[in-house]
Amino acid sequence: MKRFLYIALCFISLWASAAYAQSSAWQGIDKTQVRLISAMTALGEKREILLGLQFKMQDDWKVYWRSPGDAGYPPEIDWSASTNLENAQMQWPVPHRFQVLGLETVGYKKEVVYPLVLTVKDNMAPLVLNAHVRFLTCAEVCVPVETDLSMNLPSGSAQASEFAQLINQYSAQVPRPARAMNATLKSATFYPNNDKRNGIVRYEITTDWVMKNPDALGEGPLELAFFKPTLALSDDGKSVVIDAPFNGLQFLEGNVEDKDFTLTLMDGMHAIEATTKVKLATEPLSAIKGYQSVGQTEQSSLSLGFILALAVLGGLILNLMPCVLPVLSLKVLGLVSHGGGNPKTVRWSFLASGAGILFSFLVLAGVLIAMKAGGASIGWGIQFQQPLFLIALCLVVILFACNMWGFFEINLPSWLSDVGERSGHIKGLGGHFMTGAFATLLATPCSAPFLGTAVGFALSQGPVEIALVFAALGFGMSLPYLLIALFPKLATHLPKPGRWMVVLRKIMGLALVGTAVWLLSVLMAQVGLNAALTLSALMAGIIVILALRTTLRKATPVLVAMLFVAAFAVPSFATHDQGEEVEIENLWTKFDQSKIQGLVAQGQVVFVDVTADWCITCQVNKKLVLHRGDSLEALSGDDVTAMKADWTNPDDVIATYLASYKRFAIPFNIVYGPGAPEGIILPELLNKEDVLDAILKAKG
C-alpha cells in the first residue's frame with residue numbers, strides 16, 4: 001500500500017511539474033523553431049512577470065525587428081485565448097542589418113529572445129497562456145508561419161527559472177530611454193524635398209560616453225518608409241548628427257509636425273531610444289562643421305597603400321558583377337574572333353580595351369573632383385540618378401545589340417579606326433577602346449566587395465587621392481584584358497571563327513537586350529511604369545526599323561533619329577504620370593474600421609483595399625483594374641468611399657482586421673454596403689467584372 005501511494009505521489013508530482021513547466025514545447029518549421037520561456041517558476045507576489053519568446057534558427061535564416069526594413073514583418077502574438085492575463089508587451093532587442101541584392105532588412109539570425117512583460121489580473125490565480133504566434137522567417141526564400149504555444153504558471157512563491165539568465169541577457173539589449181542612459185536628444189528637424197514625397201529628419205544627440213561606431217534606425221508614422229540613416233560624429237565622439245531619409249509624404253494625413261518619430265541609436269553596449277515631435281526646417285539641409293561621417297571615421301585609419309590594394313581587388317571583382325557581364329559579351333566575341341589569328345593583333349586589341357577602361361575611370365574621377373570642388377553631392381554611380389542619362393544608355397545598348405545581330409555596321413571615324421585590323425563589325429583599336437569605356441560606364445551602378453571601402457575613402461579625401469583610387473579601380477578592372485595582352489596565345493589557340501560565330505553573336509545580342517531591360521527597371525523607379533513602357537516601345541521601333549533598313553533605305557536614319565528625339569522626351573510624360581498618380585491617391589481615404597458601419601448606415605458603399613508597396617499582386621490589381629476604366633469611375637462615385645489600408649509597414653490594427661476574416665496575407669479586398677453590411681470578399685487577383693458586380697450588390 002505504501003509503495004502504491006509513493007508511486008501515485010511521484011506520478012502526481014511529475015504531472016504537476018509538466019503542467020507548470022517554465023517553457024512551452026518547440027513549434028514552427030525545421031529551419032526556425034519558437035517557444036515561450038519564463039524567467040520565474042511561478043507568479044510570485046507581483047502582478048508583472050517576465051517571459052521570453054525564444055527563436056532558434058538554422059544558418060542564414062532570420063526573423064525580424066519591429067520595423068523590418070525593405071521586406072518582411074515582425075512576430076505577432078494573439079493572447080486572446082489566455083486566462084488571467086491583463087496585458088502583454090513585447091520588447092525588441094538591438095537588431096542587426098542584412099543586405100541582399102540591394103534590399104536591406106533588420107532582424108536577427110541564429111537565436112533571439114524577445115522579452116515579454118506580462119501583467120496578470122490576479123496573482124493569486126494560475127496564469128494560463130495560449131499564444132497564437134505569427135511570424136516570417138527568411139533565408140533564400142521566406143516562409144510565413146503560424147503556430148500555437150501554451151504554457152501555465154502557478155500562483156505562489158517564485159524563484160528564478162533556468163531561463164532567467166537567457167531572458168535577462170536579451171532584456172539588457174533592449175534600447176533604454178535616452179535620459180536613462182545619460183543621452184540628450186537636442187533637436188529633431190524635418191527637411192521636406194521639393195517633390196513633397198520624400199524627406200529627411202535630422203536628429204542631434206549628445207552622450208556622456210565617447211561613441212566609437214554608432215548606427216541608428218529611424219521610425220515614424222506608418223505611412224512613411226524609412227531608409228538607412230547617415231551619421232556624422234563630432235571630433236570628441238560625444239555628439240552625433242543623424243539624417244534619417246524616408247518617403248511616403250504624399251500618403252500622410254495631417255501635419256508632419258504633429259506626428260511622433262522614433263530614433264534608436266546603437267553603439268556597442270549602448271542602445272537608446274527617443275520618441276519626439278519634429279520641427280519644420282527654416283533653412284536648407286547642409287553639412288555641419290566639426291563633424292565627420294561615421295564611415296569616413298573608420299576609413300581614415302586605413303593607409304593609402306592599403307586602400308589602393310583594395311581598389312585594385314574591387315576593380316577586378318567588378319568584372320563579375322551582373323551589370324557588367326552583358327557588356328563583356330562584346331569582349332568575349334572579340335576574344336573568340338581571334339582564334340587562329342595574329343598574336344600581335346590580339347595584344348594590341350586587348351591593350352586598347354584596357355586603356356579604354358583606365359581612361360574612363362580617370363574621366364569619372366575628374367568629373368567627381370570638379371563636382372566636389374563646386375560643392376555638389378558626389379557618389380559612386382550618381383549619373384544613374386538622371387533619367388536622360390539612363391535613356392541615352394538604353395539607346396546605345398540597343399544599337400550595340402542591333403549591331404550584334406548584323407542589322408548595321410558601326411564605322412568609327414577614320415582617325416580612330418585605322419589602327420589595327422577589323423574585328424567583327426567594330427573596326428580597329430578604336431572599337432576595342434570604346435568597348436572598354438562602355439563596360440566602365442555600365443559598371444558604375446554596381447558594387448563589389450572592397451569597392452565601397454575604396455570609393456568611400458577616395459570621396460572623403462582630396463583630388464590626388466580620388467585620382468589615385470579611381471586609377472587603381474581602372475587597373476583592377478582591366479587586369480583580365482592585360483593578362484590576355486601579355487599571353488595572346490590564350491586567344492589565338494581558340495577555334496577559328498566560323499558559322500558558330502554567327503550564333504554566338506546573336507546570343508550576345510540577347511545579353512545586351514537583357515542589359516537594356518535592367519536599365520529600364522532602374523528608369524521605371526524614377527519616372528514610372530507608363531514612361532518606361534513608352535521608352536520600351538520606342539526601342540522596339542528602333543530595332544524594327546534597323547532590321548528593315550534594306551527596305552526603308554534612306555528613310556532609316558531619319559526614322560531612327562525621330563525615335564531618338566521621342567525617347568528623350570519621355571521624362572516630360574513622367575511628370576504627367578506622377579500628377580495622375582497623385583489624383584488617384586486622392587481617391588483613397590485612410591482606413592478606419594470604426595467608420596465603416598456608419599458610412600453603410602448612410603447608404604454609402606465602402607471599398608476596402610488592404611495593400612502594401614512590397615505586394616506585387618496589389619500593384620497589379622491597381623494598375624490593371626482599380627485605377628482604370630469602369631472600375632476607377634465606380635470607385636470615384638459620390639456614393640462610394642474607397643479606403644486604403646496600407647500594410648507596407650507593420651500595423652496591428654490592419655493585422656487584427658485581416659485576422660477577423662481569417663486572412664493573414666494580402667491583397668485583401670472587401671466591399672460593404674446597405675446590401676452587404678457584412679462585406680463581400682473579392683478574389684486575390686481582381687478583374688473588372690468582380691469589382692463592379694460587388695459594388696452593385698453592396699448598393700442593394
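The values are calculated or read from the model by the stated rules, or taken from the named source; none is laboratory data. The structure presented is a predicted model; accordingly, all values stated were derived computationally and were not measured. With ideal geometry, Cβ positions are generated from the backbone for all residues, glycine too; neighbour counts draw on all protein chains shown.
Of the candidates Ala125, Ala158, the single residue that is out of contact with any helix residue (DSSP H, G or I) (no Cβ under 7 Å at 6 or more places or on another chain), over 16 Å from Trp61 (Cβ atoms) and modelled with pLDDT of 90 or more is Ala125. Has the stretch 225-232 got any residue that is surrounded by 15 or more Cβ atoms within 10 Å (Cβ to Cβ) and in contact with a Leu (Cβ under 8 Å, 6 or more places away or on another chain)? Looking for residues that are surrounded by 15 or more Cβ atoms within 10 Å (Cβ to Cβ) and in contact with a Leu (Cβ under 8 Å, 6 or more places away or on another chain), one finds at least one in the stretch 225-232, hence yes. Can we say Ala71 is surrounded by fewer than 14 Cβ atoms within 10 Å (Cβ to Cβ), small (Gly, Ala, Ser) and either touching a residue at least 12 places away in the same chain (Cβ under 8 Å) or not in a loop (DSSP other than H, G, I, E, B) (or both)? So Ala71 does not fit the description; no.
Among residues of the stretch 659-678 being of a type outside the set (S, T, N, Q) and crowded, with 18+ Cβ neighbours inside 10 Å, the one that is farthest from Gly248 (Cα to Cα) is Ala676. Does Thr262 qualify as being at pLDDT below 90, closer than 17 Å to Ser187 by Cβ and either in contact with an Asp or Glu (Cβ under 9 Å, 6 or more places away or on another chain) or surrounded by fewer than 17 Cβ atoms within 10 Å (Cβ to Cβ) (or both)? No, not satisfied. Would you please name the residue that is surrounded by the fewest Cβ atoms within 10 Å (Cβ to Cβ), looking only at residues in the stretch 124-176 that are free of Cβ contacts under 8 Å to residues at least 24 places away in the same chain and in a loop (DSSP other than H, G, I, E, B)? Going through the qualifying residues, I end up with Val141.
Considering each residue of the stretch 186-201 in turn, at least one proves to be surrounded by fewer than 17 Cβ atoms within 10 Å (Cβ to Cβ), at pLDDT 90 or above, among the small types (Gly, Ala, Ser) and touching a strand residue (DSSP E or B) at 6+ places or on another chain (Cβ under 9 Å). You will find that of Glu585, Glu581, the residue that is surrounded by 14 or more Cβ atoms within 10 Å (Cβ to Cβ), under 30 Å from Asp652 (Cβ atoms) and modelled with pLDDT under 90 is Glu581 and no other.
Out of the residues in the stretch 475-496 that are over 16 Å from His432 (Cα atoms) and touching a helix residue (DSSP H, G or I) at 6+ places or on another chain (Cβ under 7 Å), which is modelled with the lowest pLDDT? Step through it out loud before you land on a result.
Start the filter on the stretch 475-496 by keeping residues that are over 16 Å from His432 (Cα atoms), which leaves 475-476, 486-487, 489-490, 492-496.
Adding the requirement that they be touching a helix residue (DSSP H, G or I) at 6+ places or on another chain (Cβ under 7 Å) leaves 475-476, 489-490, 492, 494.
Details: Phe475: 91, Gly476: 87, Lys489: 72, Leu490: 67, Thr492: 59, Leu494: 56.
The selected residue is Leu494.
Residues of the stretch 75-99 being among the aliphatic types (A, V, I, L, M) and over 32 Å from the mean Cα position of the chain (by Cα), which ones?
Result: Ala81, Leu85.
Can you pull out the residues in the stretch 235-251 that are farther than 19 Å from Leu217 by Cα and buried (at least 18 other Cβ atoms within 10 Å of the Cβ)? Residue satisfying the conditions is Phe251 alone.
Filtering the stretch 679-692 to residues that are surrounded by 17 or more Cβ atoms within 10 Å (Cβ to Cβ) and modelled with pLDDT under 90 leaves only Leu686.
When the stretch 675-694 is examined, which residues are found to be assigned to a loop (DSSP other than H, G, I, E, B) and closer than 20 Å to Leu658 by Cβ? Matches in the stretch 675-694: Leu682, Pro683, Glu684, Leu685, Leu686. Here Ser360, Ser293, Ser353 are screened, and the one residue that is within 30 Å of the chain's Cα centre (by Cα), surrounded by 15 or more Cβ atoms within 10 Å (Cβ to Cβ), of a type in the set (S, T, N, Q) and modelled with pLDDT of 80 or more is Ser360. Of all residues in the stretch 50-60, how many are surrounded by 21 or more Cβ atoms within 10 Å (Cβ to Cβ) and either modelled with pLDDT under 95 or among the aliphatic types (A, V, I, L, M) (or both)? Residues meeting the conditions: 3. Residues in the stretch 507-548 that are farther than 15 Å from Ile391 by Cβ and either of a type in the set (Gly, Ala, Ser) or modelled with pLDDT under 85 (or both): Ile507, Met508, Gly509, Leu510, Ala511, Leu512, Val513, Gly514, Leu529, Ala547.
Any chance you could count how many residues in the stretch 627-655 are within 26 Å of the chain's Cα centre (by Cα), at pLDDT below 90 and either part of a helix (DSSP H, G or I) or farther than 19 Å from Pro68 by Cβ (or both)?
Residues in the stretch 627-655 being within 26 Å of the chain's Cα centre (by Cα), at pLDDT below 90 and either part of a helix (DSSP H, G or I) or farther than 19 Å from Pro68 by Cβ (or both): 5 in total.
Among the residues of the stretch 519-554, count how many are touching a residue at least 40 places away in the same chain (Cβ under 8 Å), small (Gly, Ala, Ser) and surrounded by fewer than 18 Cβ atoms within 10 Å (Cβ to Cβ). Talk me through it step by step, then tell me what you get.
So in the stretch 519-554, the residues touching a residue at least 40 places away in the same chain (Cβ under 8 Å) come out as 519-520, 522-523, 526-531, 535, 539, 542-543, 546-547, 549.
Within this subset, residues satisfying the condition of being small (Gly, Ala, Ser) are 528, 531, 547.
Pick out the ones that are also surrounded by fewer than 18 Cβ atoms within 10 Å (Cβ to Cβ) and you get 547.
The total comes to 1.
Of all residues in the stretch 221-242, which are within 21 Å of Phe98 (Cα to Cα) and assigned to a loop (DSSP other than H, G, I, E, B)? Within the stretch 221-242, Leu224, Phe227, Lys228, Pro229 meet the criteria. Gly72 passes every criterion in (1) modelled with pLDDT of 95 or more; (2) under 16 Å from the mean Cα position of the chain (by Cα) apart from (1).
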